[in-house]
Amino acid sequence: MNVIAARNIKLFFRDRRNVVMSFMSVFIIFGLYILFLGDTLKSGLSDMPGVGFILDSWVMAGILAVTSVTATLGALGIMVEDRTQNILKDFKAAPIKRYDLVGGYLLSAFTIGLLLSLVTFVLAEIYIVLQGGEWLPFAAWIKVIGLILLSVLSSSSIVFFITSLLNSRNSFSTAGTIIGTLIGFLTGIYIPIGSLPEPVQWMIKLFPVSHAGALIRSVMVEQPMQASFTGASTEMVQQFKLEMGVAFQYGSTISSTALSIGVLLGTTVLFYLLSIMVVSKKAR
Amino acid sequence: MNKIIEVNGLRKSFGELEAVKGIDFYVEQGSMFAFLGPNGAGKSTTIDMLTTQLEPDGGEASVGGYRLGKEDDGIRSSIGIVFQDSMLDRFLTVKENLFVRGSFYKLTRKELKAAVARAVEVADVSGFLDRPYGKLSGGQRRRADIARALIHAPSVLFLDEPTTGLDPQTRKHVWTTIRQLQKEQGMTIFLTTHYMEEAAQADYITLMDHGQLLAKGTPSELKDRYATDLLKLIPTSPTELAQYLNDRSLPHTVQGGIYLIPLKRTIDALPLIEECKGNITGIEIVSGSLDDVFLNLTGTGMRA
């Protein structure tokens, strides 16, 4: 398992295209944000002090959630390549256990997703500070890293399930394009969830990756909000959080940290089970 | 005589298409076995089944003493495969590739090192060990493929068109390596090829088409049975020769003034030449080739 994972990681990083493709959605979101989305958002909240710091932290948190999906997708591209180029034939004709092989792909996808997310996190923090924000406190770093771990785990399970259904390079790149285009909307990054119509809000609330976004946001915007919302009522704070997708409202209940963590863990289990079903069906 | 591969009634269908319709054959240990047939004959399907990559619909087979479907891991440990297409990773060096693939065979680190070193030497890849596989020439890739197939010292080596697409010199080099493996290491070679001069060097040939075996035998047996020798005569007086052949009711065809007379054996040409001596300006005797065997049995050329 480890040898295959190490091989996949080497293959991923030696082909620059993989790395670039994995960051493509992130580049696009970031580009749109600094070009005009950021300004639009800021003008809507112009009366708030320290709005830049809040919004920068908010968008970076969303980008981290997206990275966990696009990076694992890029990493699992190697699995699709192996299948389409028949390299899998060479594996199957050797006395290697199927779970070693599948485990190898998953381990490499997880490792690559984690590495790229951590790099993104560091770059995001540098950007925030350069824009006049502050570094996250040490405890928050640890929290965010923990949440990145969790979100990569859950995203890799979803992405693994999707790729296990794909049989050609074409379908893989189509899936990549669709995911890359939609992910920014589905996690409520381009436009805050509060500004969207009700049905779209529900799509975001039901999409597991949004919960990773909400969790990371709640940690990253905590510090800037303390500064901006001093003296504000809890209602106002809550309203802002719901508006920006830091927490989600389902009817009269508001999602908690525990609920979002539960959603991510549940997704992980569900999609791994589904993937195992697909993969073992294919083995026959 | 030890049968290292035994196949009985092996079948495989893909939907409506019966790719392999119940075939029987065996391969002797240490021999070179050529598996021939036009494209789409069912060769690759048969090889995929014997190498445990495709589950048969029916029939039995054993490879290296292991039963197909029951002891697949045993089979996998005792076979090496050189696939038609490249199966190594383009972005890894030859050495990295060999270590990755070698790790599939449950060797200790030390054993693996020794195994890779041996494969490197036999397949003669030491000159480009640290170069990425994707940057190698066709011939170098093929040798790297062979090295990969040899890591675990298999007792049977499957080669699916190992020399297709290589330049003549590289082809010869690869072929020499294959011969050495058989002669010096006693490895059983199971190969498919499009080149008749390669098939002719095999110990035993099996010809397949439309999912069935058409003929089995040594190259010379097959030639005796399915190819005819040919006498080509250029006469001074065509009418006189035609008269002579018709009188003896010898079948013949004429192609551009050359009379083609099929013979059972080359030696049968002698009395004929003796009797027509005065009427001949040119002679050629062509003995039957494997190409003819192939053509006669499948009705298509080798390159079809």
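Below is a table of values for the structure above.
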{"quantity": "Residue among B:98, B:10, B:185 farthest towards the positive dipole end of region B:3-219, charges placed on Cβ", "calculated": "B:98"}
{"quantity": "Gyration tensor over alpha-carbon atoms, the protein assembly as shown, equivalent ellipsoid semi-axes in Å", "calculated": "69, 24, 21"}
{"quantity": "Eligible lysines near residue B:216 by straight Cα distance, threshold 22 Å, same-chain separation 8 or greater", "calculated": "B:3, B:12, B:21, B:43, B:264"}
{"quantity": "Counting DSSP beta bridges with both ends in the protein assembly as shown, the antiparallel % (nearest 5)", "calculated": "70 percent"}
{"quantity": "Cα gyration tensor, region B:10-75 - rounded (a/c under 1.5), prolate or oblate", "calculated": "oblate"}
{"quantity": "Projected label distance in nm at residue A:206 and residue B:107, using a 7 Å step from Cα toward the beta-carbon", "calculated": "5.4 nm"}
{"quantity": "Neighbouring partner chain Cβ atoms per residue of B:85-94, average, 10 Å criterion", "calculated": "5"}
{"quantity": "Rounded Å value of the spacing that divides the Cα centres of region B:1-47 and region A:232-259", "calculated": "67 Å"}
{"quantity": "Hydrodynamic radius of chain B per Kirkwood, over alpha carbon pairs, in Å", "calculated": "21.7 Å"}
{"quantity": "Set of lysines near residue B:113 by C-alpha distance (under 28 Å), chain-local residues within fewer than 8 positions excluded", "calculated": "A:10, A:89, A:92, A:97, B:95, B:135, B:183"}
{"quantity": "Dipole of chain A, positive end: most advanced residue of A:60, A:26, A:279 [Cβ charges, Cα centre]", "calculated": "A:279"}
{"quantity": "Region B:3-219 - share of DSSP beta bridges that are antiparallel (%, nearest 5)", "calculated": "55 percent"}
{"quantity": "Gyration tensor verdict on chain A (Cα atoms; rounded if a/c is under 1.5, prolate if a/b is larger than b/c, oblate otherwise)", "calculated": "prolate"}
{"quantity": "Residue mean of other protein chain beta carbons inside 10 Å, A:60-70", "calculated": "0"}
{"quantity": "Rounded to whole Hz, the Karplus (6.51, -1.76, 1.60) HN-Hα couplings of region A:104-120, x for glycine and proline", "calculated": "x, 4, 5, 4, 5, 4, 5, 4, 5, x, 5, 4, 5, 5, 5, 4, 4"}
{"quantity": "Sorted peptide list for B:120-132, A:94-106, A:133-145, criterion being average Cβ within 10 angstrom, highest first", "calculated": "A:94-106, B:120-132, A:133-145"}
{"quantity": "Only Lys, Arg (+1) and Asp, Glu (-1) charged, at Cβ; region B:203-249 dipole about Cα centre in debye", "calculated": "40 debye"}
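Since every read-out is calculated from the coordinates, none of them should be taken as a lab result. Here the structure is a predicted model, which means the values were calculated and not measured. Every residue, glycine as well, gets a Cβ built from its backbone with ideal geometry; the counts of neighbours run over all protein chains shown.
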